Each structure stands twice: as structure tokens, then as C-alpha cells.
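Working notes, beginning with the structure itself.
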Amino acid sequence: MPTAERLPSAGTARRWRLAASLLVRTMVLYAAFLALWPVWQEAYGRGYARAGQWLYHSFGRDGQVRFRRLETGDAFDVDATLGNRRTRQTVELQLSSRYGGYELAALESALILATPIPWRRRLRALPFALLLVHLFMALVLGLVLTSAFSNGDPVAVVQLPGPIKFLLGLATQNLAVMYTLPYVVALFVWGLTVFRRADLEALLGSSLASPTRTSYL
Amino acid sequence: MSLGRGRRRRESKSGGRDPQESYTVRTLAWLRARRAVLRFVLLFALLVSAFYLLAVLPAYRRFILDPYLTVNAAGAATLLRGLGEQVSSRGLSVGGPRFFMEVGAGCDGIEPSALFAAAVLAFPATARRKLLGLSAGIPPLLAANFARILSLYYAGAHSEKAFDLAHLSLWPPLFVLLVGGFWAVWALRTPEAAPAGDADR
């Protein structure tokens, strides 16, 4: 098994082969994790709803959220009922523990397990990376709820200034509705948890390890 | 955290520097040692944010995204006809009797290309290297989007479940991995990045 430390001494063709092999191994493992979704669906969805309830049951003075796992077997398997204690109005949000959680965790796991470093390091990085990915997803869920609680409808509990509301909408759109950016975060978490500084120096030389030869934009 | 607490206790007993100051000094040293990495990450985040801000402008949709997606739909229809499918395209729509779909925002090669461009521009390399990286990396990403549309057509013609799987679960991470892979191969090849004697090998 090639190691990251050997990369710099390899030629371009070998680097391409290593990158391609990492890509293929990651996608195969990721597909395997996706195939396992029916096995995990109930437990993961339940955990997602419980974690959401624990983190966001109360939203400000008047806002409250009740998370409930739906037994429909659909991808959108968690129902969040947002309520305003003052107006006694509620709205419902359909959330997906699969798209909003499991798939990102699956890619993170696949990336780490496919990385050609010693198994001990992979297994040590995995829980830390999964924790970071889930914290990120909890943050995204918080953005979604904040956005829903500031939309000006009967459940609104916060009035945000225009620019903040615009940025919140932009972040929610790109982190919770579109699916590309969260995977970029997963890639950064992978880099953060798997690679040590020595690996970076070995892979990228001194340019990222020491700031002396920078020529940015 | 426990490391910091242990060090603080030892320094207090030996009557050394203020423990809080020591912690700050060490944190600053840690940040300084990783200044280049942090700078890359911040610059990347800044450029990506700029792209997403640009992408909400109506002018972006009107003059860049929609014309690009129309070309994608027309090109995909041509390729599918070449593969023996009875399909046609009109505007952003492409399909035929077996399956019909609309190519929308998020199913474009612009976003992955922008992410790749941000990663290349944020990396410390010469302008020439960056231009080479952009011109070598973006065309394959744009071409990969045709593969995405073609595969989505065949997945959709097979079943709705297969379409959803390919559309929502497989292609987004694959594109991000392609971006990361292209960037990594380029970054490993930059003379600034490679150790002495290894550049351009």
C-alpha cells in the first residue's frame, strides 16, 4: 500500500494513479455505505431527531421546536414542528437525516478509510472527523431553523436586519438545499484530521508549511 | 485542554511566566507555524463566498448560467442521439419518450469549476502556474458535467430511484472529489510546492 510520505518522490503519472486510486476507493466505500443506509436508516434518523431536539428544542423566548422521526421510509424522514408560544402558530419542516447527515458522514468515513496511511492513524482520525462533520451539520440545521424562525410568518421569533437575513438565506441555500458545498467541508475535515504537518510538508513542500515563499493572488 | 492545564500548573510551581501569557504565546506560535495553511483556507473561503455572492445576481443567471445550461442541454442531447437515443432539447430541457429532464442550477459544471479556481488561486504559486492549472483543470470539469447529464438521463430512464441516487447522492460528492483530486495533482506539481529537485518531474 503506497503511503502519503512516498508521494513527492513519485512521478506525475504515479501521482495521477494515486489520486485516481484514492478517488475510486473512496467512491466504492461511499457506495457501500450508501447501500447500508436501509440498515442504519431507523437508528440514524432517530438519533438525528433526538440530537435536533436536544440542541434546538427552544429557540429564543417564544420559539420551540419538536423533532419527530417519520416512519414513512422516505428520504425526508424527520419532521420538525416549529412553534411560537406567543402567537400559538406552528409550521412544519421536512428534514432528511440522509441528505442532511448520513451521506456526509458516509463520504467522510470513506475518505478516511481509503487514505493510504497506516490503519491505526485512519481509525484514530475517524471518530474525530465524524464528530466534526456532525458538528458542522448541527450548525447547518441551526441555520435552517434560524432562517425559518426569521421569515416574517406567524412563527417568526427573530427580526434580522436585511443584510444578515440575505447572508443567512445564501448560507442556507448553499449548505442545506444544494449539496456541493457541504462535501467541500467534508474534504477540509478530512485534510484536517488525517494529515499531520509533516505530511503536508512532505506532500506540498515548504510553500504551505512555511510562509516565506508565498505568492498568493 | 488538559495539556494546557498541566503546563500551567508546572509553570506556576516553578514561578515562571504568567500561565495565561504562555498559553497565548503557544497559541500564537501554533497559528504562526500554520500561517500559510490558514491563509490558503481563508483565501479559498473568501473566493468561494465571492462566487456564491455573484451567483445570486440575476445577471449571472441571465448571462452566464442559463446560456451555459442551454449549451449543456443541447450538447447532451446531441451526444445522446449519437448513442442511439431519441431525444431533443429545448432551452434547459432535454429528453425523449423514455425520460425527460430539465438541467438546472446545481447540475452545472460552473460551481465545481469555481471551487477549483478558488483552490488554485488561493494556493501559493506563480501566476503562470495558476493559469496553467486553471486551463488544464476547468475543461475536464466542464466536460464531466456532460457525463453527469448523460448518466442522469439513463438513470432516469431506468427508474426514479436510480435518478435520485445519481442526482443527489453520487454526482455531488464525485464532483467535489474530482475538484480535490485535480487540485492536489496540480498543487503537488507546482515548483513552489514540490521539494527541491522534484518539480515538474
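Expressed in nm to one decimal, what extension gain is obtained for the pair residue A:87 and residue A:197 from 0.36 nm per residue of sequence separation less their Cα-Cα distance?
Stretched fully, the residue A:87-residue A:197 segment lengthens by 34.2 nm.
Which angle between 0 and 90 degrees, to the nearest 10, do you get for helix A:37-56 versus the longest principal axis of chain A when only C-alpha atoms count?
With rounding to tens, the tilt is 60 degrees.
Between residue B:64 and residue B:46, with labels modelled 7 Å along Cα→Cβ, what's the label distance in nm to one decimal, could you check?
Taking the simple label geometry, residue B:64 and residue B:46 are separated by 1.9 nm.
Compute the Cα gyration tensor for the range A:52-93, then decide on rounded, prolate or oblate, letting a ≥ b ≥ c be the square roots of its eigenvalues: rounded whenever a/c is under 1.5, prolate when a/b is larger than b/c in the other cases, and oblate in all that remain.
oblate
Taking a probe of 1.4 Å and counting only protein heavy atoms, give the total accessible area buried between chains B and A in Å², rounded to the nearest 100.
4200
Peptide B:123-130: average number of partner chain Cβ atoms within 10 Å per residue?
Mean number of neighbouring Cβ atoms from other chains: 4.
Could you give the length gained on full extension between residue B:79 and residue B:160, defined as 0.36 nm per residue of separation minus the Cα-Cα distance, in nm?
Additional length available on full extension: 27.0 nm.
Semi-axes of the equivalent ellipsoid for the range A:19-160, please: Cα gyration tensor eigenvalues, times 5, square-rooted, ordered largest first, whole Å.
The three semi-axes for the range A:19-160 are 35, 16, 12 Å.
Please compute the average number of Cβ atoms from other chains found within 10 Å of each residue's Cβ in peptide B:35-45.
4
Taking all protein chains together and a probe of 1.4 Å, list B:186, A:16 from the most accessible to the least accessible.
Heavy-atom accessible area, descending, gives A:16, B:186.
Kindly report the accessible area of the range B:58-114 per residue (heavy atoms of protein chains, probe 1.4 Å, no ligands, DNA or RNA), in Å².
51
If you roll a 1.4 Å probe over the range B:54-104 with all protein chains in place, what percent of the accessible area is carbon or sulfur?
Result for the range B:54-104: 62 percent of the exposed heavy-atom area is carbon or sulfur.
Carbon and sulfur atoms: what percent of the 1.4 Å accessible area of the range B:140-190 do they account for?
73
Given bins 10 angstrom wide, list per bin the percent of all Cα-Cα distances in the range B:15-132, short to long.
12, 25, 21, 18, 11, 6, 4, 2, 0
Simple spin-label model, 7 Å along Cα-to-Cβ: residue A:17 to residue A:50 in nm?
4.8
When only the heavy atoms of the protein chains count and the probe is 1.4 Å, how do A:40, A:54, B:171 rank by accessible area, highest first?
A:54, A:40, B:171
How far is it, in nm, from the label point at residue A:131 to the one at residue A:39 when both lie 7 Å from their Cα along the line to the Cβ?
2.5
Can you compute the radius of gyration and Dmax for the range B:81-147, using only the Cα atoms, both in Å?
When restricted to the Cα atoms of the range B:81-147, Rg and Dmax are 16.4, 51 Å.
How much of residue B:130 can a 1.4 Å solvent probe reach, expressed as accessible area in Å² and rounded to 10?
Its heavy atoms expose roughly 10 Å² to the probe.
Heavy atoms only, 1.4 Å probe, whole protein assembly: order B:167, A:57, B:158 by accessible area, highest first.
Ranking B:167, A:57, B:158 by accessible area, largest first, yields B:158, A:57, B:167.
Could you look at the range A:22-147 and say what percent of its accessible area is carbon and sulfur, using a 1.4 Å probe and all protein chains?
The C+S portion of the solvent-accessible surface of the range A:22-147 is 64 percent.
Over what distance in Å are the Cα centres of the range A:40-66 and the range B:141-166 separated?
Value for the Cα centre distance between the two parts: 34 Å.
Using only protein heavy atoms and a 1.4 Å probe, report how much of residue A:149 is accessible, in Å² to the nearest 10.
Counting only protein heavy atoms, the figure is 0 Å².
Apply 1/(1 + (r/R0)^6) to the Cβ-Cβ distance of residue B:134 and residue A:170, taking R0 = 30 Å, and write down the FRET efficiency to the nearest 0.05.
Efficiency at R0 = 30 Å is approximately 0.75.
Calculate the mean, over all residues of peptide B:81-88, of how many other protein chain Cβ atoms lie within 10 angstrom of the residue's Cβ.
Rounded to a whole number, the mean comes out at 0.
The values are calculated or read from the model by the stated rules, or taken from the named source; none is laboratory data. Bear in mind the structure is a predicted one, so any value in this text is a computation, not a measurement. No Cβ is skipped: glycine too gets one built from the backbone with ideal geometry, and neighbour counts run over all protein chains shown. With ligands, DNA and RNA removed, areas are computed over all heavy atoms of the protein, side chains included. Shrake-Rupley method; radii C 1.70, N 1.55, O 1.52, S 1.80 Å.
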